1. Can you find, among P84, G16, L49, the residue sitting farthest towards the positive end of the charge dipole of the range 1-101, where Lys and Arg contribute +1 and Asp and Glu -1 at Cβ?
2. Take the alpha carbon atoms of the range 128-239, find their radius of gyration, then divide it by 2.2 N^0.38 Å using N residues; give the quotient.
3. Heavy-atom accessible area per residue, the chain, 1.4 Å probe: how many Å²?
4. Along the charge dipole of the chain, Cβ charges K/R +1 and D/E -1, which of L106, S208, A7 sits furthest on the positive end?
5. First obtain the Kirkwood hydrodynamic radius of the chain from its Cα pairs, then insert it into the Stokes-Einstein equation at 4 °C and 1.567 mPa s, and state the resulting D in µm² per second as a whole number.
6. Of the heavy-atom accessible surface of the chain (probe 1.4 angstrom), what whole percent is carbon and sulfur?
7. In the full protein assembly as shown, how much of L111 is accessible to a 1.4 Å probe, in Å² to the nearest 10?
8. Over 29 Å between Cα atoms: which of K70/K216; K70/K218; K64/K218 fall into that group?
Amino acid sequence: MPDAIIATLAWVGAVGAVALAGVLLAKGRIGWGWFVAALALMVVYDAVLTRGYGHIPLSFWPSKWNWEGKTLAVVLSLAVASLPVLGWKRVGLTLKQDRKGLPGALILSGLLAALFLGLALYFPGEGFDIDSLAFEMTMPGFDEELFYRGVLLLMLNEAFGKPVRVLGAQMGWGAVVSSVAFGLMHALGYSDGGFSFEPVLMATTGVSALLLVWLKEKTGSLLLPIVMHNFGNVIFMLV
């Protein structure tokens, strides 16, 4: 079995195990249909993102960045969000912001921006080219926020509910599971017959993901998460 497929199955399996363990420990409810659909979507998402693990002959232009896979992933997420059972507004595809939640969301966004700037100053980048800058200004935020804080989060919220209010944002186990999925996507790997795991990367991406979930739930929109995600990527190139 190809390494990429093993890595995908391990990723989805680990996320599923974390989700079930949390539900059992908390003795919470679970919507099995939504949960299984969310895991299945993760498999499809990874296959699309990797252009069928390299078997889809699609190339926009010569680039070291995965413009093609990211574009296909965005199309997939938009298609799933268009299903009547989900809907663009519930996914967060709206410019309208919850007025009550916006002030707190803007404060957190400002703190995140300051943190990203500080880290970029402490860990200066190695320069950039136009292709790299254009990619980081657009695709990571559009793709990953639409999937992880959009369709996947909504499906997991349907599976587990949102029983907890955190600083004014209604959240639940789906927020944690989607953030674990995001962290593991970056930190977990498989090659040459062995798994690799980077705990620091897991912690940084997982916590960042949870904060972005809070922004989305606080405002009801993916706008601020997308802006902050792309800002966090770009600032390390510009400073």
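The values are calculated or read from the model by the stated rules, or taken from the named source; none is laboratory data. In this text, all values refer to a predicted model and were calculated from it rather than measured experimentally. Neighbour counts run over all protein chains shown; Cβ positions are idealised from the backbone, glycine included. Just so you know, the surface numbers come from the protein's heavy atoms only, side chains and all, with ligands and any DNA or RNA stripped out. Shrake-Rupley method; radii C 1.70, N 1.55, O 1.52, S 1.80 Å.
1. P84
2. On the way: Rg = 15.0 Å, N = 112, 2.2 N^0.38 = 13.2 Å.
Normalised Rg, Cα atoms only: 1.14.
3. Working: 12050 Å² over 239 residues.
Roughly 50 Å² per residue, with all protein chains present.
4. Checking the options against the dipole of the chain, the answer is L106.
5. Details: Rh = 18.5 Å.
Answer from the Stokes-Einstein relation: 70 µm²/s.
6. Details: 8700 of 12050 Å².
For the chain, the apolar C and S fraction of the accessible surface comes to 72 percent.
7. Answer for L111: close to 110 Å² accessible.
8. On the way: K70/K216 21 Å; K70/K218 26 Å; K64/K218 36 Å.
Beyond 29 Å between Cα atoms: K64/K218.
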